[in-house]
Amino acid sequence: MRSKQSKKSKAGFTILEMTMALTLAMGIAAALLGLLQQQISFTRALNDFQFLRDDAPQINTLLTNIINKADNYRIYPNLASAKALTGAVRSDGRSVRLRFRNPDGTYDQAIVSFEIRSGEKQLNYYFRDKASTGWSSAPNWTISKKPTTVDFDNSTGLLLVTLIGQKGDEITYAGNPD
Amino acid sequence: MQLNRHRARRRQRGSALIEIAVSYGTLVVVGILTLKAAINTSSSQAWTIKQTMSDAYLTRETALASRMPFDDITANGSLWELYPAVTTSTVVIGKMPGGNATTAALHRTRIPDSNNLVSAGGSGTVLTNPGATEAWKLQSLLVYTIGDKEYVKTRTSLRIR
């Protein structure tokens, strides 16, 4: 008789115990999901800052180095205008044409242009040395593919380069601070 | 013997509750630590970005101070008022992810060199400054806040004619 009772009590948990255990386990699972969600949001926030934190300063350094070597610049609404030297603007420009004077008095030229190529937004660099007769159709170098817009502006008398990222983040540099 | 078996069963039943309680406790601690780490990192990111923005804005100030025609610098209504007067304006130094504008207070003032002639704000005379050289320090101060702290950055350009 005693052994029967013992077997019965060992057979399993009560409904109350099971409910409690399941509820607590679900609570733990929900808390883990919350932690995961928090981590994902955190990683996303870090990525959102990447453009202003890493990309924009690098682009600015490159552009400043290039522009400061030029002895002359002019802003155009697009690459075609910059190549053709037509329709120069003072604001809302997407291309800037640079002229570099060589020691022998000749000139090399370059265009920094924000454009869409093959469906991708790119900030490209085109170079034409003194011996070249025309511009190449493909850029010599892609400076960056990170900005969604690059705006060149000279309406204040300064060359201002505004870089806009994918999240609406924006920063403006003086292109020729020196 | 039966008493021992009974005690063992009670221990077995109670242990699940203890384990779950320990799990909850651990989760809460891990959650708090993760949240704190996330907040710390986000704050440092915002700090870095606002420093970048303020540096970028001051490159414009330096460029402007170097290029502004001298007559405009010293004229009435100059962007740089004669010290101790200061021109103050609120400027947008950039936009954070999401498009929220970040603003700062910009203060500008111009300080004459002490050897400028009196007409140019100094105390020099034709004896000490026979060439009537005129020198001005153009100072721009950018004041911005990050969290509850206020930061000031300054750039000074020297213009001489």
Tell me which residues, restricted to region A:135-178, are surrounded by fewer than 19 Cβ atoms within 10 Å (Cβ to Cβ), without any contact (Cβ under 8 Å) to a residue 40 or more places away in the chain, of a type outside the set (Val, Ile, Thr) and more than 9 Å from every other protein chain (Cβ to nearest Cβ). A:SER136, A:SER137, A:ALA138, A:ASN140, A:TRP141, A:LYS145
Got at least one residue in region A:62-77 being under 21 Å from the mean Cα position of the chain (by Cα), surrounded by fewer than 19 Cβ atoms within 10 Å (Cβ to Cβ) and over 29 Å from B:THR62 (Cβ atoms)? no
Among the residues of region A:133-150, write down those that are within 24 Å of B:THR103 (Cβ to Cβ) and touching a Phe, Trp or Tyr at 6+ places or on another chain (Cβ under 8 Å). A:PRO147, A:THR149, A:VAL150
What do you reckon, is B:SER23 at pLDDT below 90, within 10 Å of chain A (Cβ to nearest Cβ) and under 30 Å from A:TYR173 (Cα atoms)? no
What residue, among those in region A:52-72 that are charged (D, E, K, R) and away from chain B (no Cβ under 13 Å), is nearest to A:ILE143 (Cα to Cα)? A:LYS69
Determine whether A:SER137 is within 25 Å of A:PHE51 (Cβ to Cβ) and of a type in the set (Ser, Thr, Tyr). no
Scan region B:67-94 and report the pairs whose first residue is more than 14 Å from chain A (Cβ to nearest Cβ) and of a type in the set (Ser, Thr, Tyr) and whose second residue is exposed (fewer than 14 other Cβ atoms within 10 Å of the Cβ) and assigned to a strand (DSSP E or B), with Cβ atoms within less than 9 Å and a gap of 6+ or a chain change. B:THR90/B:THR103
Run down A:ALA131, A:ALA29, A:ALA45 and say which single residue is out of contact with any helix residue (DSSP H, G or I) (no Cβ under 7 Å at 6 or more places or on another chain) and part of a helix (DSSP H, G or I). A:ALA29
Could you run through region B:109-139 and say how many residues are part of a loop (DSSP other than H, G, I, E, B), β-branched (Val, Ile, Thr) and in contact with a strand residue (DSSP E or B) (Cβ under 8 Å, 6 or more places away or on another chain)? 3
What number of residues within region B:50-84 satisfy the criterion of being surrounded by fewer than 17 Cβ atoms within 10 Å (Cβ to Cβ), part of a loop (DSSP other than H, G, I, E, B) and touching a strand residue (DSSP E or B) at 6+ places or on another chain (Cβ under 7 Å)? 1
With the structure loaded, tell me whether A:ILE111 is part of a strand (DSSP E or B), more than 14 Å from chain B (Cβ to nearest Cβ), more than 18 Å from the chain's Cα centre (by Cα) and hydrophobic (A, V, I, L, M, F, W, C) or whether it fails that test. yes
Among the listed residues A:LEU46, A:LEU36, A:LEU52, identify the single one that is under 20 Å from the mean Cα position of the chain (by Cα), at pLDDT 85 or above and closer than 30 Å to B:LYS50 by Cα. A:LEU52
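The values are calculated or read from the model by the stated rules, or taken from the named source; none is laboratory data. Since this is a predicted model, take the numbers as computed values, not measurements. Virtual Cβ from ideal backbone geometry, glycine too; neighbours counted across all protein chains shown.
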